[in-house]
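Novice: Got a structure for you, written out below as structure tokens; questions coming shortly.
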Amino acid sequence: MNIGIFKGFAVLALLVSVSACVTDEEYVREKYVPPVEMNAYLDDKPAMARKFFANIPRQGIRNEVLNHQRAALAAMQLNDFESAAASLDAAINRIETIYAKNEKAEKARSNFTKEDFKDYLGEPYERAMAHLYRGLIYMADGDYQNARAVFKGGLLQDSYAVSETHEQDYASLAFLGGWASKCDGNAGIAKEMFEEAAENNDKLSAPPDGHNLLLIADVGTAPTKRAEGEYDEKLIIEQGKTFDNAIVRAKLDGEDIRLTRAEDIFWQATTRGGRAVDHLLAGKAQFKDNMDKAGDVMIAGGAAAGTMAMASGNNDAAAIAALFIIAGAIAKASAAAAQPDADVRYWDNLPDSVYIATAKVDEVPDTVNFSFSAEDASARDYEMQVHKGTNCSIAWGRTHSALNIPERAPGKWLPANVPPKPEPKETEGDKDDGGKKPTS
């Protein structure tokens with residue numbers, strides 16, 4: 001092997017190593033959507049939520065689930081359950097396709113996919129909440145069997161972490177599954193699911209016979225995410241706006257009905273099967289360190305051996321040295337590709353807590369007022385939307401608007417490259433015939 005060929009191998013190795021370090025910015029760049037296409041897509045969406053729906057075609061599959069989740073809650077806030085249902089269906093279909101035992105699912109959890117660039121699917125609590133809201137819409141439509149099925153799907157997502165499973169403990173989903181079964185006339189399944197809810201939250205119990213109205217209130221704001229660590233590999237989840245000793249009451253026929261805190265979303269976000277979890281992606285961080293160091297050793301050793309081989313004219317030794325350099329470059333490329341950055345995108349219009357109660361009413365009201373008070377917040381009154389059904393009805397409301405969030409979800413994104421406007425075509429009258437211009 002002559003010196004030129006050896007240098008060629010060395011340059012190739014350098015290119016392999018450097019190319020792996022280039023950030024794939026285009027993956028987070030938004031797609032340009034022509035105004036005509038965007039307007040057509042948004043035409044049937046609720047006007048006040050269109051800015052959230054617009055992110056779905058702009059940001060594509062990378063943030064598809066997250067953007068559908070955010071837009072769905074905004075649509076629910078505006079009482080457009082049809083648009084909300086369509087978005088939640090899209091999110092859930094995507095979630096349940098990825099979280100399965102197949103090659104695509106394994107690839108999504110691979111060491112070689114940068115966390116921040118993977119398609120967002122959310123933490124287990126976020127996936128479970130998508131099922132909770134879809135189930136509420138099914139119940140509002142009187143479809144109790146599909147409601148129960150989607151609540152059970154949410155319980156499964158609660159147990160499904162990236163590489164392991166845990167005990168499901170989402171009490172609100174179990175209770176709502178029991179309520180859907182009760183409304184469907186299936187007393188046996190209702191009893192089982194109410195018992196499961198009580199096991200995970202002893203403040204919940206099966207509602208008395210005759211209760212036909214479900215009251216559900218979202219209180220506070222979503223948990224937030226940030227990254228820490230040498231490689232930003234540690235996901236830190238922090239509590240959103242919460243209230244200690246909150247009291248939530250609904251007023252029905254002059255009677256105050258106190259709602260029970262059925263779910264603490266922050267607690268769900270920071271535990272697995274009831275145990276606190278460390279969100280350090282240690283395996284990927286260690287893999288990166290080991291591969292990077294191995295690459296350095298192989299490149300340095302190969303370069304030294306290659307120099308000695310060329311000096312002595314030993315072509316065979318020079319070839320082996322070149323292979324060491326290339327192997328080292330590949331190892332460093334693998335380390336660069338295995339970036340362990342924590343995914344800090346999050347569903348930012350979720351609540352901090354979910355409160356639930358049931359009641360017996362002879363005539364279902366058009367709206368229900370509920371009050372919220374806490375030691376660290378002034379008392380306020382809110383209104384619940386009421387959706388009347390044949391067997392059961394549902395009233396749902398929030399203390400914090402699902403519309404009061406930034407236009408785009410938390411996380412990285414780059415603006416779309418807008419194509420230049422075409423030059424106006426020159427008409428016959430615009431052409432210069434070379435003659436003199438008239439003077440005044």
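Novice: Please list 266-272, 385-391 highest first by mean number of surrounding beta-carbon atoms within 10 Å per residue.
Specialist: Working: 266-272: 19.6, 385-391: 15.7.
Top to bottom by mean Cβ count within 10 Å: 266-272, 385-391.
Novice: Note down the nm distance, to one decimal, between modelled labels 7 Å out along Cα→Cβ at ASN39 and at ILE61.
Specialist: 3.0 nm
Novice: Continuing with the same structure: For LYS51 and LYS191, calculate 0.36 nm times their separation in residues minus their Cα-Cα distance, and state this gained length in nm to one decimal.
Specialist: Fully extending the segment from LYS51 to LYS191 adds 46.1 nm.
Novice: Sort PHE372, PHE175 so that the residue with the fewest other Cβ atoms within 10 Å of its own Cβ comes first and the one with the most comes last.
Specialist: So the ranking, lowest neighbour count to highest, is PHE372, PHE175.
Novice: Which FRET efficiency value, to the nearest 0.05, is calculated for TRP267 and GLU82 with the Förster distance at 35 angstrom and r the Cβ-Cβ distance?
Specialist: Efficiency, from the Cβ-Cβ distance: 0.60.
Novice: May I ask for the Rg/Rh ratio of region 114-220, computed from Cα atoms with Rh as the Kirkwood radius, given to two decimals?
Specialist: Reported Rg/Rh (Cα atoms, Kirkwood Rh): 1.01.
Novice: Multiply the residue separation of GLU383 and ASP362 by 0.36 nm, subtract the distance between their alpha-carbon atoms, and state the gained length in nm to one decimal.
Specialist: 5.6 nm
Novice: Can you check how the C-alpha radius of gyration of region 173-221 compares to 2.2 N^0.38 Å, as a plain ratio?
Specialist: 1.15
Novice: Quick check: net charge around GLY135, other residues with Cβ under 10 Å of its Cβ, Lys/Arg +1 and Asp/Glu -1?
Specialist: Local net charge: +2.
Since every read-out is calculated from the coordinates, none of them should be taken as a lab result. What you see is a predicted model; the values in this text were computed from it and never measured. Ideal geometry is used to build each Cβ from the backbone, glycine not excepted, and the neighbour counts take in all protein chains shown.
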